[in-house]
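Q: This is the structure I have questions about; it appears just below.
The values are calculated or read from the model by the stated rules, or taken from the named source; none is laboratory data. Only a predicted model underlies this, so the values are computations on that prediction, with no experimental measurement involved. Counting neighbours? That spans all protein chains shown, and the Cβs are built from the backbone with ideal geometry, glycine included. Side chains included, ligands, DNA and RNA excluded: accessible areas come from the protein's heavy atoms. Shrake-Rupley method; radii C 1.70, N 1.55, O 1.52, S 1.80 Å.
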Amino acid sequence: MAADCGANCARWLLCLANFIFICVSTGVLIVGTWLAADKASFVNLTLNVTISKDSPVSPFVGENAEKILKEFVEPAVIEQAAYILIAAGAFILIISFLGYCGAIKESRVLLTAYGIFLIIIFALQIALILLCTLYKSQADHHSKGFLKSTLSKYYTTGDNKDAVTLSWDLIMAQMSCCGVDGYEDFRTARLFVEKSSEEGLGRQVPESCCILTGDPLLSKPADPSCIISPTQSNSYLSTGCYDKFSFMVTENLNLVIGVVVVVAATQLLAIIFAFCLCRAVGQERDYHYKY
């Protein structure tokens, strides 16, 4: 065991932090695996726990929350969410396992691997920030292109919405915006156009593009004719979500910088602690070998 006080502090801080991440990532991985293997039981349990009259949380779940929950447990949404949870949980679990086992066992191999993984992640984050700053116009173009492709390929309306559609509805309802650049983005949304034609209402925009009343998550337009005849007074048809998000980031730049600094500092401390502990373990073993 490393006798140096600083090395011991680094060891136990690494153990504690990575143990917390192991617990969280294991929980995420279990939920994701459960969703992928047996969606039906998860849906039934979720609905029973939240909606059943005998449930301890039922007094806090109103009629609106029940409708929202039923949308989010659609099979398509559950299936897509499952794979995201599995991937995220497995990635975090592997990194945390290396850090925890390396610290608790004082293994130079595991600590070095943990430190190298963190350096790679940190370097990728720095590279991404620099590229987005130096090539802002190209980054904006590619980002808008990707977002528009999700609308054109996956966005739909009516029943059986998928995760992409629900995500866009949430974004537009919460941010008071419409599409990437505006309502015209929905003219190229193939599934949306097909479903709108089947409805026969002459729909131009989804409900989430309208000025809403009540809970935004329910996407209930204040003007029912908004989806057919959107105007500046009853919708956000000319307010693109990309520009709205960029404006929000600019308005809260200090907060964004603060979050980035905290995340970067945490990663740097973990890297420093890992290599300091690795060095202390090596020095102690060399000492015992000599004497």
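Q: Let's test the formula: R0 of 30 Å, r as the Cβ-Cβ distance of residue 83 and residue 250. What FRET efficiency results, to the nearest 0.05?
A: 0.35
Q: Continuing with the same structure: Please find the FRET efficiency linking residue 149 to residue 8, where r is the Cβ-Cβ separation and R0 is fixed at 51 Å, and quote it to the nearest 0.05.
A: Once the sixth-power term is evaluated, E becomes 0.50.
Q: On a 29 Å Cα-Cα criterion, which of the cross-link pairs 148/195; 39/153; 39/144; 39/244; 39/105 come out too long?
A: With Cα atoms farther than 29 Å apart: 39/144; 39/244; 39/105.
Q: Compute, for residue 140, the solvent-accessible surface of its heavy atoms (probe 1.4 Å) with the complete set of protein chains present, and express it in square angstrom to the nearest 10.
A: The accessible area of residue 140 comes to roughly 40 Å².
Q: Can you give me the relative contact order of the range 174-291 as a percent, contacts being Cα pairs under 8 Å and 6 or more apart?
A: So the answer I get is 27 percent.
Q: On the full set of protein chains, 1.4 Å probe, figure out the accessible area of residue 172 and give it in Å² to the nearest 10.
A: Using a 1.4 Å probe on the heavy atoms, I get roughly 0 Å².
Q: Taking the Cα centre of the range 168-291 as the origin, how large is its charge dipole in debye, to the nearest 20, when only Lys and Arg (+1) and Asp and Glu (-1) carry charge on their Cβ atoms?
A: Value, rounded to 20: 600 debye.
Q: Obtain the nm distance between the two label points defined at residue 133 and residue 260 by a simple spin-label model: each point lies 7 Å from its Cα along the Cα-to-C-beta direction.
A: 0.6
Q: Using a 7 Å offset from the Cα along the Cα-to-Cβ direction at both residue 124 and residue 90, what is the distance between the two label points in nm, to one decimal?
A: With each label point 7 Å from Cα toward Cβ, the separation is 1.5 nm.
Q: Still on this structure, I have one more. Using a Förster distance of 51 Å, how high is the FRET efficiency between residue 26 and residue 232, based on the Cβ-Cβ distance and rounded to 0.05?
A: It comes out at approximately 0.55.
Q: Excluding residue 244 itself, what net charge comes from residues whose Cβ is under 12 Å from its Cβ, given Lys and Arg +1 and Asp and Glu -1?
A: The answer is -3.
Q: How big is the dipole moment of the range 160-235 about its Cα centre under a simple scheme where the beta carbon of each Lys and Arg is +1, that of each Asp and Glu is -1, and everything else is neutral? Debye, nearest 20, please.
A: Value, rounded to 20: 40 debye.
Q: List the chymotrypsin sites (Phe, Trp or Tyr not before Pro) within the range 81-141 that fall in a DSSP loop (any state other than H, G, I, E or B) and whose Cβ has at most 15 other Cβ atoms within 10 Å.
A: 135
Q: Per the 1.4 Å probe, what fraction of the accessible area of the range 127-259, in percent, lies on carbon and sulfur atoms?
A: On the range 127-259, the fraction of accessible area on carbon and sulfur atoms equals 60 percent.
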